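Data block below; observations after.
Just so it is clear, none of the values below were taken in a lab; they were calculated from the coordinates. Predicted model, so just to flag it, every value in this text is computed and none were measured. Neighbour counts run over all protein chains shown; Cβ positions are idealised from the backbone, glycine included.
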Amino acid sequence: MAESNPMTALQADLARFRKASLYSAVEDADRLLEMLVQAREQVAGATDPHRASLTMTKLQNPINARFDAINNDLKEVSKGQKVFGKSLDKASSRPGLGVLNFPLRQLPTEHDAMATHPELINRAIAMHMLREGQFSVASTFLRETHEHPLPRSTTSTTNAAPDIQSLQSQELQEKFANMYSILNELKRRNLVPAINWAQQNSAELEARGSNLEFELTKLQFLWLFKGPEVNGLPDDDRNGRNGALAHAQAHFARFQARHRPDIQRLTCSLLYAPNLATSPYASLFAPANTIFDDVATSFTREFCSLLGLSAESPLYLAATAGSIALPQLLKYTNYVMASRTEWTTENELAFETPLPRSMVYHPIFVCPVSKEQSTEQNPPMLLPCGHVICKESLHRLAKGSRFKCPYCPSEGHIRDAQSPVSYGTWAEPLNAPLQDMADRQNARAAMRADLGWSPLPLADILAPASSSPLAENAHRPSLPLVPRSGIPLPEPPV
């Protein structure tokens, strides 16, 4: 007999817990107070003492009934809490529940991964609070971390204390406050503040290749097009089809170079206004909630990008990824302890972390010689011939100061090798740059051959990820120098 799914029972108990509320108890308490107030007024206005006694006698049974009703309401709420708590404890102790199979005791490991970087962890927490608009909580947290710092580990090599204090900047808080103000206006279907912000930062958005300003202008056109019956704006010439046409004439011209087809569809939709539902342009007018939610997400992403931040909170991503990987980590740790073995490779897990595709941002470069992942201490090195190997492999291959490429007959000097990336940004070459155009072309061809399968920038391809590598990319052999066209790779520094 197949075992029942424990998640079904847990979800049912959760629904019962959410349904139980104190509203009924509050209503019964209000009725009780109302009865007492009425009785007090009757007793105060009575001239006959027997009437006051009669009023109190009549009040006894209704009061007892209300007290019983309040107790029953509280019992239902308490029962829902207890049942859900027991179900949660039962589910957490059963295997096979994924992220719910969390430990009820300390992890069976002596290594504390958070002890080596307390400043970075505090910074992530403070930044998360700022991103959520909790400015007073963030200020209190930063002040307490400064007054009561955690002891630093002897193996810690980071010094993020000055960077943490920079989060107390009033300018940074004002920027996030401005972001939340604009998001609140978007929830109220007011696009003007977002459009003004996009126009003020038009140059930066254009340099990033962002379409946010046009998307906001396009959405304003669609919102005006729907008229006062839908958008609730004043019924005048600045609203409806006339307002949409005036908006298009005033703002669409500057976007023609990049968005001419979209502009043509938007303006032609005016001709089909009486019968828009059956027109070829009906798909433009999606439900308002969907459109505004999408543009709010795009606005948040671009706003954070201009501040040099990711669209999602790093603390949220790290906590979510850790919760997903925790069951396998527990299983592996228990196995290692039971078999009295040890994983000797540093800074690398013994298994692949099963993260969803939304959390896999880029693969990891694996040295074709040593089959090791690149790290900050062992970065990838671009050889003059165009092949890429890790720094430690390069020094092992070298005889003195010269080396021979393991994949072609070329020879070179160690000082001619350079690090093409510095973990997200272009790095300065170790010594002299590539000397002629032929070398640069060969280098770009090698990059496209070895790394061109991904449309990501080269800096993202070679940068280390926070998760384990994708299985299909962990041990790729080096490929011949055949360039692939149409892949946007950045130019190497010259």
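A few points about this structure:
- If R0 equals 30 Å, the separation of the Cβ atoms of Thr140 and Leu74 corresponds to a calculated FRET efficiency of about 0.30.
- Mean projected area in nm² (Cα convex hull; one quarter of hull surface) for segment 173-306: 8.2
- Amide hydrogen neighbours beyond the local backbone of Leu382, cut-off 5 Å, H modeled: Gln418, Ser419
- Exposure proxy for Val37, Val295: other Cβ atoms within 10 Å of each Cβ, ordered fewest to most, give Val37, Val295.
- The three principal axes of the C-alpha atoms in segment 1-72 carry coordinate ranges of 76, 19, 8 Å, sorted with the longest axis first.
- Partner lysines for Lys371 [C-alpha distance under 28 Å; skip if fewer than 8 residues away on the same chain]: Lys331, Lys391, Lys399, Lys404
- Take the Cα of Leu54, step 7 Å toward its Cβ, do the same at Leu330, and the gap between the two points is 6.9 nm.
- Table column - 3J(HN,Hα) (Hz), segment 316-333, Karplus curve with 6.51, -1.76, 1.60, x for Gly and Pro: 5, 5, 5, 5, 5, 4, x, 5, 5, 7, 4, x, 5, 5, 5, 4, 5, 5
- Simple spin-label estimate for Leu245 and Gln11 gives 5.2 nm between the two label positions (7 Å along the Cα-to-Cβ direction from each Cα).
- In segment 351-404, GluC sites (Glu not before Pro) in a DSSP loop with at most 11 other beta-carbon atoms within 10 Å: Glu376
- This ranking places Val230, Val388 by how few other beta-carbon atoms lie within 10 Å of each, fewest first, which gives Val230, Val388.
- Annotation: peptides 44-50, 63-69, 203-209, ranked by per-residue average of other Cβ atoms within 10 Å with the highest first, follow the order 63-69, 203-209, 44-50.
- Proxy reagent accessibility, fewest Cβ within 10 Å first, across Lys86, Lys226: Lys86, Lys226
- Judged by the ratio a/c of the largest to the smallest principal axis of the C-alpha gyration tensor, segment 234-393 counts as prolate, that ratio being 1.5 or greater while a/b is larger than b/c.
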